[in-house]
Amino acid sequence: MSTFTVNGLVYETINDDKEVRLRGTEGLKRPVRNIPAEVEFNGKKYKVTEVYGGYFSIFNLDKYVDGAFRGDDVLANLSLPETIKAIGDHNSTGAFKDCKKLKDIYLPNSLETIEDHSFRSCPAIESLYFGDNLKTIGSWAFGDCSALKEIDFNDKLEIIGYDAFCNCSSLKNVLFPESLKEIGHDAFFGCKAMTEVNIPASVETIEGKAFEDSGVKVVNIYSENINIAEDAFPPDAQVNFLDANSFPKRKRKHRGTKTVEAPKATHVAEEPKKEEPKPKPESKSADAPKQKSGGFLSKLFGMFRSSDDSEDNAPAPAAAAPSPAKDEATSGDMYKFNLTSGTTVEALGKEFNDAFGAQLRLYNGNKKAEPAETLGSLGLTANGAFECRSSLTVGSFIERMLQNHGLKVKVYTCDWWVAVLDGLTLKAAGMVKKNAVKADMESMIAYQRSDGEPAPAAPAPAMPAQVKKSATHKDYTIVVMKDNKVVVGKGDDFFDNTKAALREIAGEVGFQFDTNWTTQQLGSKLVDFLNSK
């Protein structure tokens, strides 16, 4: 694998040096508008088949490599060639994430996969037209695209990953294709403009909170063989089960035109670049205990906690060991919050969330403060700036807010699931995943304390009552719930594509299965097979 630059675009060879992925730009004097389908270097031609999505290490939250165009503040429109098969890869940081001006992008018919975070936080995108062969939309692929109003799905799409369109507040009603099989957790969470949803007969699974906190009032389900999480839709939504043959037919709109202007760039000498090693998860010591699926199970079982546990009557988190980052350290970004008697709870909360990614809860006595209340009404004792670094621990932040300004606060996870442990830094607080439990946060603190050594694995929790049966194979864990929903995890992570993971395990253990089985049938039979060995 080697890299080279042609006309300001940096490529990396893949697939036995017959194909390349676009890794980024170098030396361009104007924005890219078109990506070539083929590139020639040193007399050899390569087909351009991927746009690099970057790399995110689950073992080190600070260790990542940016995607090809991540954070480009000039890119406004782009056309991808009919050779591109994938944008990004699993656990990627996002090929086009945070491209604030990107509005129009031509997604080719050759495209099969849009992976994690690919277009997250692109606030100028208003509409999407997917190519004919797209099958998978990864997690957070278009999350936080606040201006996105309409989507024209293709007719081969099978999977919409978790949080794929989370917080797309302008997104109106969409027409799902009759090829769709899975709608992931929080996939359309916070889509306030949505009012009605039609679920085709092809859909097998709708995961928890898929349409939570949205404007959906009417849900029409045309599928008879479907697993729906109890909290998939808003509690006041009307759910109707209708005949599959009456599903409203959809017709695709006319395909928009491609960008035709060729990029004009300063030609960079085509000298081979010294290949830089791709970041990898830090290797574990041979003497370290092998980490099984404790983290994955903790996250899974955390979903079954009562809603009361996420509110103020939740048990107080146990005191945790302090982060190695000292409260007075000079490391970390500095943030300033201007606290005045007229500042509202909502305004300060938004400012805090923008800074760290976590949520800030304020209190009026022992009662949760309302968004419209002002800091003056909460007992603010001193107006002025409150400065802190991202390396400050949550516990010290809470203490300083009370001592210096008389404000009683708590820091919650990004999804308001539970209060963040005092030992985590403010920066780490915003990195805690959704539905996290105490063990997940303790493992993060343990990692921070380890000075480069891997954290010890958290013990796997006891199986809750919602679990029917489970089985393990190597680092995989398969859990079948009492509602027959199947979840597959490896290490600390869930698999977005459950059926693909099950098939991979089945191939490894020599289990013969019928390709027509549903995900639930395959998962249940595979668990029985593994437990019988």
For this session: Please tell me if residue 165 is part of a loop (DSSP other than H, G, I, E, B), under 20 Å from residue 253 (Cβ atoms) and under 19 Å from the mean Cα position of the chain (by Cα).
Result: yes
Exercise. Pairs under 7 Å by beta carbon, first residue over 18 Å from residue 141 (Cβ atoms) in region 61-77, partner part of a loop (DSSP other than H, G, I, E, B) and at pLDDT below 85, six or more apart or different chains?
Worked result: 63/57; 63/279; 65/279; 74/31; 76/31; 77/33; 77/259
For this session: Inspect all residues belonging to region 506-520 and state whether any of them is outside any strand (DSSP E or B) and in contact with a His (Cβ under 8 Å, 6 or more places away or on another chain).
Result: yes
For this session: Might you check whether a residue that is under 21 Å from the mean Cα position of the chain (by Cα), surrounded by 17 or more Cβ atoms within 10 Å (Cβ to Cβ) and in a loop (DSSP other than H, G, I, E, B) occurs anywhere in region 218-230?
Result: yes
Seminar exercise, completed: Residue hits (region 164-209; among the basic types (Lys, Arg) and surrounded by fewer than 18 Cβ atoms within 10 Å (Cβ to Cβ)) are 172, 192
For this session: Sort out which residues of region 1-36 are in contact with a Lys or Arg (Cβ under 7 Å, 6 or more places away or on another chain) and of a type in the set (A, V, I, L, M), and write them in order of number.
Result: 10, 14
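The values are calculated or read from the model by the stated rules, or taken from the named source; none is laboratory data. Keep in mind that this is a model prediction, so the values were computed, not measured. A quick note on method: Cβ atoms are made from the backbone with ideal geometry, for glycine too, and the neighbour counts reach across all protein chains shown.
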